[in-house]
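Read the structure below first, then the notes.
The values are calculated or read from the model by the stated rules, or taken from the named source; none is laboratory data. Model, not experiment: these values are computed from the prediction. Quick reminder, even Gly has a Cβ in these numbers, built from the backbone with ideal geometry, and neighbours come from all protein chains shown. Surface accessibility is based on the protein's heavy atoms, side chains included, excluding ligands, DNA and RNA. Shrake-Rupley method; radii C 1.70, N 1.55, O 1.52, S 1.80 Å.
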Amino acid sequence: MVTKSLYADPKMIKQSPQEIAELISPYVTMSKENIVKALQEDSAFVWINRMMDADKSKAVAQVIKDNNIAGLNFVEESKRYYPNGVLAAQILGFVGTDDKGLDGLEMVLDEELKGGVQQEIVATDNKGNAIFGSVLSKFLPDKGKSVTLTIDATIQFIAERALDKAMADTGAKHASVIVMDPKTGEILAMANRPSYDPNNPYTPSGDEAKNFKSLSTKEKSAYLS
């Protein structure tokens, strides 16, 4: 999905940083104090809030328009969305704000999935800072590769539901389940608890981070058809 990220060009700021911080702080994740510091930096570009929720970015855009604020702008960035939420989360993993895989398959197969890097020639100011909106030419990257898993979504759902029920019935703090095709060795389902929602990831502790990257090379190969 495409989201908007808010950035500032402190050199273009004409109003008081404190005033701007007061106006936009209700809608961004950065604190008022840090917004003020960012707007006072000796730079032509600083991030204020990456990958904002649509309602927040719209609210900030309206604040910018209503108060005629110069030096604040948006750029569009892609954000990975996991429609099934927690289902198979520890297998799939998640990506960070720069589309870099940080866990699971997203991390292990990061280079294969993302493909090449897009290169652009842009105009810069006398300090070498890129001037946004001044792309002169683009060099498109090699396309990323697709990965097909042996995981069966239906079996994965049933296995995770059974795992949750078993934990509720026994009061266990941790649990794991693996479903394998005995004829081929293919992994049809695998899950651990506790888990997390890759759309709102966190950094799990050791016991909570049992996932794809902890498997042996042979076990990892069973995921891929």
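Observations, loosely collected:
- For the set LYS37/LYS100; LYS56/LYS127; LYS11/LYS65; LYS37/LYS58; LYS32/LYS79; LYS4/LYS127, the pairs lying more than 21 angstrom apart at their alpha carbons are LYS37/LYS100; LYS56/LYS127; LYS37/LYS58; LYS32/LYS79; LYS4/LYS127.
- If you plug the beta carbon distance of ALA123 and SER43 into 1/(1 + (r/R0)^6) with R0 = 22 Å, you get a FRET efficiency near 0.85.
- Per-residue 3J(HN,Hα) values for the stretch 12-23, derived from phi via the Karplus relation 6.51 cos²θ - 1.76 cosθ + 1.60 with θ = phi - 60°, read 9, 5, 10, 8, 5, x, 5, 5, 5, 4, 4, 6 Hz in sequence order (x marks Gly and Pro).
- Candidate cross-link partners of LYS145 among the aspartates and glutamates, defined by an alpha-carbon separation under 17 Å and a same-chain spacing of 8 or more, comprise ASP99, GLU106, ASP110, GLU111, GLU112.
- Under-5 Å amide H pairs with VAL95, H placed in peptide plane, nonlocal only: LEU102
- Sorted on the mean count of surrounding Cβ atoms within 10 Å across their residues, most packed first, peptides 71-83, 174-186, 151-163 read 151-163, 71-83, 174-186.
- From phi via Karplus (6.51, -1.76, 1.60), per-residue ³J(HN,Hα) for the stretch 173-183 in Hz, x at Gly/Pro: 8, 9, 7, 9, 8, 9, 10, 10, 7, x, 7
- Among MET51, MET107, MET12, MET1, the sequence by solvent-accessible area, most first, with a 1.4 Å probe is MET1, MET12, MET107, MET51.
- Couplings 3J(HN,Hα) of the stretch 31-42, computed from phi: 6, 4, 4, 6, 5, 4, 4, 5, 6, 9, 5, 8 Hz, in residue order, whole Hz [Karplus 6.51 cos²θ - 1.76 cosθ + 1.60, θ = phi - 60°; x for Gly and Pro].
- For GLU186, the amide hydrogen comes within under 5 Å of the amide hydrogens of ASP181, counting only partners 5 or more places away or on other chains and with H modelled in the peptide plane.
- For the stretch 1-74, applying the loop criterion from DSSP together with a ceiling of 16 other beta carbons within 10 Å to the GluC sites (Glu not before Pro) yields GLU41.
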